[in-house]
Amino acid sequence: MLQLNNITKQYTDGSGIRKVLDGLSLQVDDGDFIAITGESGSGKTTLLSILGTLIAPDEGTYTLGDVKITDSADQLSAIRNKQIGMVFQDHRLLPQFTALQNILLPLLANEDSVSKEATEKAEQLMDFMGISLLKDKNVSNLSGGEKTRVAICRALINQPLLLLADEPTGQLDDVNAQLVANLFKKINAELHTTIVMVTHSQEMAKVANKCFSLLQGKLIVKN
C-alpha cells in the first residue's frame with residue numbers, strides 16, 4: 001500500500017534546529033489498521049501530514065501504491081482528493097452547510113455538481129455510520145461525536161486507498177470516544193479500508209491491528 005524510507009524532517013525554532021523525524025521507515029500493507037502513539041511534540045502530526053502529502057520530508061522517499069510521491073502540485077492535489085481521506089481532530093467542516101453537503105464537498109473539487117449516484121453513496125455512508133437522521137441538519141448544531149462521524153464519511157466519500165486520522169477522539173468524552181474507536185474498526189473490517197491513525201489514547205490504539213510508538217524520530221513496534 002505505502003512505503004516510507006528513511007524519512008527525515010526538521011524544524012528551526014528559538015533553540016535551534018530540532019529533528020522531529022530521523023530516518024523513519026514504515027511499510028503499510030493493504031487492509032492494515034495501524035495506530036501510532038507518542039508524547040505530545042513527538043512528531044505524530046508531522047508524520048501524518050507527510051503521509052497525507054500536506055508537507056514534504058527533508059529527506060527520504062514516499063511511495064503510495066505504485067506512485068512515488070514528488071513535489072508536483074498537480075500530482076499532490078489529485079492524490080489528496082482521490083486516494084487519501086483525512087479525518088482531523090478539529091473536524092474542519094463548513095458550519096454553514098448541512099451534514100450531507102459537507103460529506104459531498106470532496107466530489108466538487110473536479111465537478112460542477114454532484115450526481116444522484118454520489119448522493120446515494122453519501123447517504124449509504126451515513127447509514128453505515130449511524131447518522132442518517134442528521135443529513136439535513138446544519139453541522140454547527142451537531143455534537144462533537146456527530147461531527148466526527150460526518151468528517152469520517154467525508155473522508156470516505158471518494159473510496160480512498162488510505163484513510164488517515166489525526167487524534168480522532170481527542171475532543172470526545174469516553175462514551176463517544178469508544179463509539180468512534182469501534183467505528184474505525186468496523187470501517188477497516190467491513191469496508192476493507194487501510195487506516196493509519198495517530199493518537200495519544202492507549203484505548204483508541206487497542207482497536208488497531210498494529211501499533212507503533214514514535215520515539216526520538218523513529219517508530220518502535222509495540223506488543
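Just a yes or no: is a residue in the range 65-81 in a strand (DSSP E or B) and touching a Ser or Thr at 6+ places or on another chain (Cβ under 6 Å)? Full working, then the answer.
Looking only at the range 65-81, we keep the residues that are in a strand (DSSP E or B), and these are 67-68.
Subset that is touching a Ser or Thr at 6+ places or on another chain (Cβ under 6 Å): none.
Checked the range 65-81: no residue is in a strand (DSSP E or B) and touching a Ser or Thr at 6+ places or on another chain (Cβ under 6 Å).
Looking at the structure I just gave you, is Leu100 buried (at least 18 other Cβ atoms within 10 Å of the Cβ), in contact (Cβ under 8 Å) with a residue 12 or more places away in the chain, farther than 16 Å from Val180 by Cβ and in the same structural domain as Val28 (by TED's automatic domain parsing)?
Working: buried (at least 18 other Cβ atoms within 10 Å of the Cβ): yes; in contact (Cβ under 8 Å) with a residue 12 or more places away in the chain: yes; farther than 16 Å from Val180 by Cβ: yes; in the same structural domain as Val28 (by TED's automatic domain parsing): no.
No; evaluated as a whole, the condition is false for this residue.
Checking His192 against (1) surrounded by fewer than 21 Cβ atoms within 10 Å (Cβ to Cβ); (2) assigned to a helix (DSSP H, G or I), which test does it fail?
Here His192 meets the rest and fails (2).
Identify all residues within the range 1-37 that are more than 27 Å from Leu191 (Cβ to Cβ) and touching a helix residue (DSSP H, G or I) at 6+ places or on another chain (Cβ under 9 Å); write none if there are none.
Across the range 1-37, the qualifying residues are Ile7, Lys9, Tyr11, Val20, Leu21, Leu24.
Out of all the residues in the range 155-186, which are of a type in the set (S, T, N, Q), more than 19 Å from Lys121 (Cβ to Cβ) and either in a helix (DSSP H, G or I) or free of Cβ contacts under 8 Å to residues at least 40 places away in the same chain (or both)?
Residues satisfying the conditions are Thr169, Asn176, Gln178, Asn182.
Residues in the range 136-154: is at least one of a type outside the set (D, E, K, R), within 17 Å of the chain's Cα centre (by Cα) and part of a loop (DSSP other than H, G, I, E, B)?
no
Working carefully through the options Gln27, Gln75, find the one that is exposed (fewer than 13 other Cβ atoms within 10 Å of the Cβ) and over 14 Å from the mean Cα position of the chain (by Cα).
Of Gln27, Gln75, the one residue that is exposed (fewer than 13 other Cβ atoms within 10 Å of the Cβ) and over 14 Å from the mean Cα position of the chain (by Cα) is Gln27.
Looking at (1) over 30 Å from Ser132 (Cβ atoms); (2) within 19 Å of the chain's Cα centre (by Cα); (3) not acidic (Asp, Glu), can you tell me which one Phe33 breaks?
(1)
Starting from the range 21-50, keep only residues that are assigned by TED's automatic domain parsing to the domain that holds Thr61 and under 10 Å from Leu214 (Cβ atoms), then list their pairs with residues that are part of a helix (DSSP H, G or I) and of a type outside the set (D, E, K, R) whose Cβ atoms are within a distance under 6 Å, requiring at least 6 positions of separation or different chains.
Thr37/Ala205
Starting from the range 1-12, take each residue that is closer than 14 Å to Leu214 by Cα and assigned by TED's automatic domain parsing to the domain that holds Thr61 and list its partners that are of a type in the set (A, V, I, L, M) and not in a strand (DSSP E or B), counting only C-beta distances under 9 angstrom and pairs at least six apart or across chains.
Once the first residue is closer than 14 Å to Leu214 by Cα and assigned by TED's automatic domain parsing to the domain that holds Thr61 and sits in the range 1-12, its partners that are of a type in the set (A, V, I, L, M) and not in a strand (DSSP E or B) give Ile7/Leu47; Ile7/Ile50; Lys9/Leu47; Lys9/Ile50; Lys9/Ile55; Lys9/Ala56.
Is one or more of the residues making up the range 122-135 in contact with a strand residue (DSSP E or B) (Cβ under 9 Å, 6 or more places away or on another chain), without any contact (Cβ under 8 Å) to a residue 60 or more places away in the chain and either in the same structural domain as Val20 (by TED's automatic domain parsing) or not in a strand (DSSP E or B) (or both)?
yes
Return the only residue of Ser25, Ser42 being within 28 Å of Arg149 (Cα to Cα) and of a type in the set (S, T, N, Q).
Just a single option satisfies the conditions, and that option is Ser42.
The values are calculated or read from the model by the stated rules, or taken from the named source; none is laboratory data. Bear in mind the structure is a predicted one, so any value in this text is a computation, not a measurement. Neighbour counts are summed over all protein chains in view; Cβ atoms, including those assigned to glycine, are modelled from backbone coordinates with ideal geometry.
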